[in-house]
1. If you check residue 63 against the conditions, is it under 25 Å from residue 296 (Cα atoms), modelled with pLDDT of 95 or more, open to solvent by 20 Å² or more (accessible area, probe 1.4 Å) and not β-branched (Val, Ile, Thr)?
2. Answer with yes or no whether residue 89 is surrounded by fewer than 18 Cβ atoms within 10 Å (Cβ to Cβ) and either touching a residue at least 24 places away in the same chain (Cβ under 8 Å) or part of a loop (DSSP other than H, G, I, E, B) (or both).
3. Can you give me the number of residues within the stretch 2-35 that are in a helix (DSSP H, G or I), open to solvent by less than 50 Å² (accessible area, probe 1.4 Å) and either touching a residue at least 60 places away in the same chain (Cβ under 8 Å) or among the basic types (Lys, Arg) (or both)?
4. Between a residue in the stretch 248-267 that is open to solvent by less than 70 Å² (accessible area, probe 1.4 Å) and any residue that is at pLDDT 95 or above and among the aromatic types (Phe, Trp, Tyr), which pairs come within a Cβ distance under 8 Å, given they are 6 or more apart or on different chains?
5. So which residues in the stretch 163-182 are open to solvent by 40 Å² or more (accessible area, probe 1.4 Å) and in contact with a helix residue (DSSP H, G or I) (Cβ under 9 Å, 6 or more places away or on another chain), if there are any at all?
6. So, in the stretch 103-119, of the ones that are out of contact with any helix residue (DSSP H, G or I) (no Cβ under 8 Å at 6 or more places or on another chain) and farther than 17 Å from residue 137 by Cβ, which residue ends up most open to solvent (accessible area, probe 1.4 Å)?
7. What are the residues in the stretch 36-58 that are part of a strand (DSSP E or B), surrounded by 14 or more Cβ atoms within 10 Å (Cβ to Cβ) and either touching a residue at least 40 places away in the same chain (Cβ under 8 Å) or of a type in the set (S, T, N, Q) (or both), if any?
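The values are calculated or read from the model by the stated rules, or taken from the named source; none is laboratory data. All figures in this text were calculated on a predicted structure; none of them were measured in a lab. Cβ: placed from backbone, ideal geometry, glycine included. Neighbour counts: every protein chain shown. SASA here: full protein model, heavy atoms, side chains in, ligands and nucleic acids out. Shrake-Rupley method; radii C 1.70, N 1.55, O 1.52, S 1.80 Å.
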Amino acid sequence: MDKALKEALFQSLSMAAPSGSEGQVTNLFRDFVSPYVDEVTTDANGNCIAHKRGSGSKIMLMAHADEIGLMISYIDDRGFLYFNQIGAIDTNILPGLRVIIQGKNGPVTGIIGKKPIHLQNEKEAGKPLSPEDLWIDIAASDKTDALTKVQVGDVATFEPNTNCITDDRIISKSLDDKIGLITLIGVAKSLKDSKTDKDVYFVASVQEELGARGAQMVSEAILPDIGIAIDVTHATDYPSMSPAADGDIQLGKGPVIPLGPNMTKGINQSLTTIAESQKIPYQVEAIAKPTGTDARMIQVAGHGIKTGLVSIPCRYMHTPGEMVSLTDTDNTIILLTEYLKRDI
């Protein structure tokens, strides 16, 4: 991955963008993609749309800007914060994690607390956790003190923790789907001086983690001939996973081209043909139902849109330690750039 894209990635991963509060990340997307397109706009709900004008087919590439998070729902008299979850989170991973709350006067650091194992009775020790069993401790002396820093409705995300653990592997919160946004910027950059007649829209969508709401809005506004979502998918190359049940998806083996009713067969075939002709490594995933991505809503927008999905393998999705391969990301950029250069 080149230096500018890596800079954009690291900046985005340091930002908080839970669903409904994506502004920091969409603004960063705007800044980095602007040199490679003709126009960038933001709609009423926060979707950021970068347009590279052309006279040919109207193609929309989309990645979501939002991440999972928490919302403060109650503050007790001792100053402890209770929360609801934004998006799908395994509650059992939360105890002991540090979070950053977007407080009224700026970021506030807290830690998610839980009754220690030493003090639990037998019933408590064997109970699956729910958000009601946890709280956020911001070291407030009481409710009045807490209210000087935060209020009900404030949002929180996992503390930024980005690390390149090898030259190729990166771990961080919110790689789902900031790695997709960086892919969009990379494709736009690759097309800057390339010949293509396509009318291309690069979209940073909002609220994907709440049912791809942003994708529905913007797809119906643009009504492209083809819409392709770029997201992460579950890598299955670690203990406890079963290739027979979960598919065989590996980090470092290339972008994933999913097959199933949510994806138009002709787009899949074109992507596969390009990958093979250009010797781009790729993997295939079978998804027999609507996907949990923006492709779900792109397909059914308006009178229906031809839809594709290209996925980047990710280990430990929806945790503070998601892991992806930068080489997979680079190959996804190459694949989508080549696709946009072809006759469609």
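1. When the stated conditions are applied, residue 63 does not pass them.
2. Yes.
3. The total comes to 11.
4. Pairs found: 254/282; 255/282; 256/282; 257/282.
5. Passing the criteria: 164, 167, 169.
6. The extreme case among them is 118.
7. 42, 48, 49, 50, 51, 52, 58 - these are the residues of the stretch 36-58 that are part of a strand (DSSP E or B), surrounded by 14 or more Cβ atoms within 10 Å (Cβ to Cβ) and either touching a residue at least 40 places away in the same chain (Cβ under 8 Å) or of a type in the set (S, T, N, Q) (or both).
Yes or no, residue by residue, for (1) surrounded by 11 or more Cβ atoms within 10 Å (Cβ to Cβ); (2) under 18 Å from residue 69 (Cβ atoms); (3) of a type in the set (Ser, Thr, Tyr):
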| position | (1), (2), (3) |
| --- | --- |
| 80 | yes, no, no |
| 83 | yes, yes, no |
| 97 | yes, yes, no |
| 130 | no, yes, yes |
| 137 | yes, yes, no |
| 147 | yes, no, no |
